[in-house]
Structure formats: C-alpha cells, structure tokens
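Peer 1: If you scroll down you'll find the structure; I have some questions about it.
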Amino acid sequence: MSTPPIIIKKKVSHGGHHGGAWKVAYADFVTAMMALFIVLWLMNSSKKIQEAVGGYFKDPTGTGKNVGTTQVGAGKNVPITKQNMVALKEQLQKRIQSITELEKLRKNIEMTVTAEGLRIELLESDKGTFFNSGSPKLNQSGQEMLALLAEQLGQVPNHLSIEGHTDAKPYGGKSNYSNWELSADRANAARRLMGQSGLRPDQVAQVRGFADQRLRSPKNPLEASNRRVSIIVQHLAGDSPDTPEAGESPKKIEEHGSSGKQ
C-alpha cells in the first residue's frame with residue numbers, strides 16, 4: 001500500500017501589499033485637519049496677525065522689506081523709516097535723473113532728510129517753474145513732476161504733508177486774496193494732482209499754507225526760490241520722537257539733496 005502524498009497548504013495574506021496604505025490616508029487626514037484649525041484660528045485673530053501671516057506667504061524670505069538701489073521704484077508698501085529714508089531720497093533722485101524731459105528741472109528740486117521726514121521741495125524760478133506766475137494753476141512741468149512723485153510715493157505706506165510757500169512780496173491780484181490763500185491753494189492743487197496720479201486716498205495727512213512765514217532764504221525775502229511747494233514723507237508713528245510739531249521749523253539732519261549746486 002502506497003504512502004499518500006503530503007499536501008502543505010500555505011495561507012496567503014493580502015495585507016502585505018496594503019498594510020501601509022492607511023498611514024498615507026491618515027497623514028492626509030491630519031494635514032487637512034491642521035489646515036482647518038489654522039484657518040479657524042486666523043478667522044478669529046486680529047487684523048495685525050492676519051496681515052503678518054499673509055505677508056509671510058507673499059514674501060517668505062523677507063527681502064521685500066529691503067529698500068535698495070536694485071529695486072524698481074520706492075518699493076511697494078515698504079515702510080520708510082529713519083534708517084532707510086536716505087535710500088528713498090537717492091532712489092527718487094535717480095528716477096528723476098533717468099527722465100531726460102525733466103533734466104532742466106533738476107536744479108529746482110531739493111531733497112533733504114529732516115527730523116520730520118524726507119522733505120522734497122519744488123522751487124520756483126523768476127519765470128515760474130511749476131506754477132503759472134501768481135496763480136495756483138500748475139503748468140505742464142509741475143504736472144509732470146508731481147505725477148512722477150505721486151507714482152513713486154504712492155508705493156510706500158508713509159503719510160505725506162504738503163506745504164505751500166511764497167516770497168515776501170505782497171500778492172498784487174485780488175484785494176481779498178493774499179499770499180496766505182495762494183500758498184494754501186498751491187498746496188491743495190499739488191494734493192489734487194498727486195491724488196489722481198498714484199497717491200492713496202488717505203495718504204495725505206496735512207495740507208499747509210505758510211505764505212511768507214517760512215522763507216527758504218530769509219536774507220533774500222523776495223528771492224524766487226522762496227516760492228515753493230514742499231512734500232514731506234513723514235516718519236512712521238513712533239519712529240521719530242524728535243519730530244517737530246506742525247508749527248515748528250524742521251531741524252535738518254542732512255543737507256544733501258538735488259539742488260542747483262549739482
């Protein structure tokens with residue numbers, strides 16, 4: 001009698017092929033839950049935190065905060081502080097110098113860093129450089145220069161002040177119209193044009209008319225350069241504790257600028 005064959009039955013497990021699949025699914029689930037919790041947290045966070053998180057995803061490296069000569073324009077939404085105010089001045093000067101049509105106006109533009117901020121002054125000449133003589137109406141050169149400045153300064157979050165100044169010669173037009181009205185009207189004319197050319201609606205914090213009370217050249221009160229419009233890029237709040245009040249004369253920190261000495 002022959003010996004029956006030995007049959008070995010092997011149990012095949014299908015779990016070996018799919019044993020790790022649940023780990024991937026679980027990881028996806030945890031990631032989705034984490035994203036959900038972050039969204040819920042952001043929705044209940046302050047606006048400052050939301051802007052900070054959004055800013056990180058827009059610029060993870062943080063290099064967008066640097067104001068350097070390699071950037072185009074003044075740098076969108078870059079806070080201009082006491083430390084980089086000089087860099088903004090240099091950028092504006094280079095921008096103006098790069099436009100051939102504005103070359104003749106360079107000697108009538110002066111930029112100075114003061115305790116109040118970056119002061120940009122558009123100086124008049126005997127014939128009238130930016131405004132028609134004795135009028136608050138901007139001429140073509142004034143419109144082009146203010147539009148250029150508005151395009152550049154509209155990219156920074158700092159507030160601006162705009163001032164109008166005259167020389168000491170009494171206004172000889174209307175009897176009820178003086179240098180006070182003329183200086184204020186010129187400052188407002190500059191504000192309106194810059195508002196149409198790139199400034200944000202809330203960017204101008206002050207419009208001032210000083211008549212002949214702050215002469216640029218006190219020894220020559222009738223000099224044409226006393227007639228000017230000044231645009232001040234203000235330091236950020238808390239950045240400059242020595243900023244003078246509106247009625248005080250600004251203290252100069254640096255005297256370099258784009259002037260007739262070039």
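The values are calculated or read from the model by the stated rules, or taken from the named source; none is laboratory data. Note that the structure is a prediction, hence the values are computed from the model and not measured. Every residue, glycine among them, receives a Cβ derived from its backbone with ideal geometry; neighbour counts consider all protein chains shown.
Peer 1: Every residue in the range 135-172 that is in contact with an Asp or Glu (Cβ under 6 Å, 6 or more places away or on another chain) and among the hydroxyl-bearing types (Ser, Thr, Tyr), please.
Peer 2: Result: Thr166, single match.
Peer 1: Read through the list (1) at pLDDT 90 or above; (2) under 21 Å from Ala189 (Cα atoms), then give the number of the only condition that Leu102 fails.
Peer 2: (1)
Peer 1: Working carefully through the options Thr129, Thr114, find the one that is crowded, with 18+ Cβ neighbours inside 10 Å and farther than 20 Å from Ala237 by Cβ.
Peer 2: Numbers: Thr114 fails: farther than 20 Å from Ala237 by Cβ.
Going through Thr129, Thr114 in turn, just one is crowded, with 18+ Cβ neighbours inside 10 Å and farther than 20 Å from Ala237 by Cβ: Thr129.
Peer 1: Follow-up. So which residues in the range 105-145 are within 20 Å of the chain's Cα centre (by Cα) and assigned to a strand (DSSP E or B), if there are any at all? Full working, then the answer.
Peer 2: Quick first cut of the range 105-145, residues within 20 Å of the chain's Cα centre (by Cα) only: 109-122, 143-145.
Once the filter is applied, which keeps residues that are within 20 Å of the chain's Cα centre (by Cα) and assigned to a strand (DSSP E or B), the range 105-145 yields Ile109, Glu110, Met111, Thr112, Val113, Thr114, Gly117, Leu118, Arg119, Ile120, Glu121, Leu122.
Peer 1: Out of the range 119-134, which residues are in contact (Cβ under 8 Å) with a residue 12 or more places away in the chain and over 17 Å from Leu92 (Cβ atoms)?
Peer 2: Listed by number, the residues that qualify are Glu124, Ser125, Asp126, Thr129, Phe131, Gly134.
Peer 1: Separate question: Would you mind telling me which numbered condition in (1) out of contact with any helix residue (DSSP H, G or I) (no Cβ under 6 Å at 6 or more places or on another chain); (2) touching a residue at least 24 places away in the same chain (Cβ under 8 Å); (3) closer than 19 Å to Gln143 by Cβ Lys169 fails?
Peer 2: (3)
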